[in-house]
Structures are given as C-alpha cells and as structure tokens.
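Right, one structure below, let's go through it.
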Amino acid sequence: QVQLVESGGGLVQAGGSLRLSCAASGTIFSITAMGWYRQAPGKQRELVARIISGGRTNYADSVKGRFTISRDNAKNTVYLQMNSLKPEDTAVYYCNADIRRQWYSEEYDYWGQGTQVTVSS
C-alpha cells in the first residue's frame, strides 16, 4: 500500500503564508513527479504546482511568484510554500504523486486525502 499524508493547512489572513507538506509512505521504488492540486467549492480540481524527479517545476499562472514547490527525495516528501495568500486561494489542497512500487511495476497515480486552506479577507 501507498499513502500520501498531507499537513499544514489552516486559516490565515490575506497576505499571510502557509506551508503544506505531503509525505509518501509504503512500498515505493520510485516517484517520478509530485504535485499539488486544489479544488474550491463549485469548481473543478486544478493544478497548483508540480515538480518532477529532475527538479523541473511548473506552476499555475495564478500562483506564480507567490508559491514555491520543493521536494525532499530522501523523505519522499513534497512541500508547497504559499506566500501572499489571497482569498481566492481558499480551497482543499490535494497532494498527488506518480509512483512505481516495484522496479517491474507500472507507474500509478496516488492522491492524498486533502487539507483545507482558508484565506480570510
């Protein structure tokens, strides 16, 4: 089994900062990419930021310059540093990872349970 466990969500005022963490555990051979998605009420889930094993990153235009994604490969953990938060950043944030459990197995997509981020105006 593989689990992604997120932490770090909460309530913050506009202009504030939060740091999300997501740790992958279980039988893991390799992780190609890890990322963060978010879903606001009544909206579709959207990509926030993603980082691949070589360190290349990509961000949603709405968070560029404010959010930073990073990864600790030794700990199978991905972080999302969120600065200058806005009310429109309010959403449930989900961790995602592309994981190969054994050298011979296929890569599968795994999701965390989600963590709420609420930004008050």
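The values are calculated or read from the model by the stated rules, or taken from the named source; none is laboratory data. Here the structure is a predicted model, which means the values were calculated and not measured. Because the Cβ atoms are built from the backbone with ideal geometry, glycine has one as well, and the counts that use them run over all protein chains shown. For the accessible areas, the whole protein counts, side chains as well, though only heavy atoms, and no ligand, DNA or RNA atoms are used. Shrake-Rupley method; radii C 1.70, N 1.55, O 1.52, S 1.80 Å.
Taking the residues in region 88-121 that are without any contact (Cβ under 8 Å) to a residue 24 or more places away in the chain and assigned to a loop (DSSP other than H, G, I, E, B) as candidates, determine which candidate is nearest to V12 (Cα to Cα). Looking at residues that are without any contact (Cβ under 8 Å) to a residue 24 or more places away in the chain and assigned to a loop (DSSP other than H, G, I, E, B), I get E106.
Criterion applied to P41, P87 was being under 27 Å from V119 (Cα atoms) and modelled with pLDDT under 95, and the one residue passing it is P41.
Can you report the number of residues in region 1-52 which are hydrophobic (A, V, I, L, M, F, W, C), closer than 17 Å to D98 by Cα and in a strand (DSSP E or B)?
As a first pass, look at region 1-52 and keep what is hydrophobic (A, V, I, L, M, F, W, C): 2, 4-5, 11-12, 14, 18, 20, 22-24, 28-29, 31, 33-34, 36, 40, 47-49, 51-52.
When the remaining residues are screened for being closer than 17 Å to D98 by Cα, the result is 2, 4-5, 22-24, 28-29, 31, 33-34, 36, 47-49, 51-52.
So of that shortlist, the ones also in a strand (DSSP E or B) come out as 2, 4-5, 22-24, 31, 33-34, 36, 47-49, 51-52.
Total satisfying the criteria: 15.
For region 51-70, a residue qualifies if it is among the charged types (D, E, K, R) and either touching a residue at least 60 places away in the same chain (Cβ under 8 Å) or open to solvent by 50 Å² or more (accessible area, probe 1.4 Å) (or both), and the qualifying residues are R56, D61, K64. Please go through region 23-41 and pick out each residue that is farther than 22 Å from E88 by Cα and not polar (S, T, N, Q). Correct list: A23, A24, G26, I28, F29, I31, A33, M34.
Output the residues belonging to region 82-109 that are open to solvent by less than 50 Å² (accessible area, probe 1.4 Å), under 26 Å from P41 (Cα atoms) and not aliphatic (A, V, I, L, M).
Within region 82-109, the subset open to solvent by less than 50 Å² (accessible area, probe 1.4 Å) is 82, 85, 89-99, 105.
Filter again for under 26 Å from P41 (Cα atoms), leaving 82, 85, 89-98.
Answer for region 82-109, where residues must be open to solvent by less than 50 Å² (accessible area, probe 1.4 Å), under 26 Å from P41 (Cα atoms) and not aliphatic (A, V, I, L, M): D89, T90, Y93, Y94, C95, N96, D98.
Among the residues of region 72-87, which ones are within 15 Å of G8 (Cβ to Cβ) and either of a type in the set (K, R) or free of Cβ contacts under 8 Å to residues at least 24 places away in the same chain (or both)?
Start the filter on region 72-87 by keeping residues that are within 15 Å of G8 (Cβ to Cβ), which leaves 72, 75, 77-83, 85.
The answer is D72, K75.
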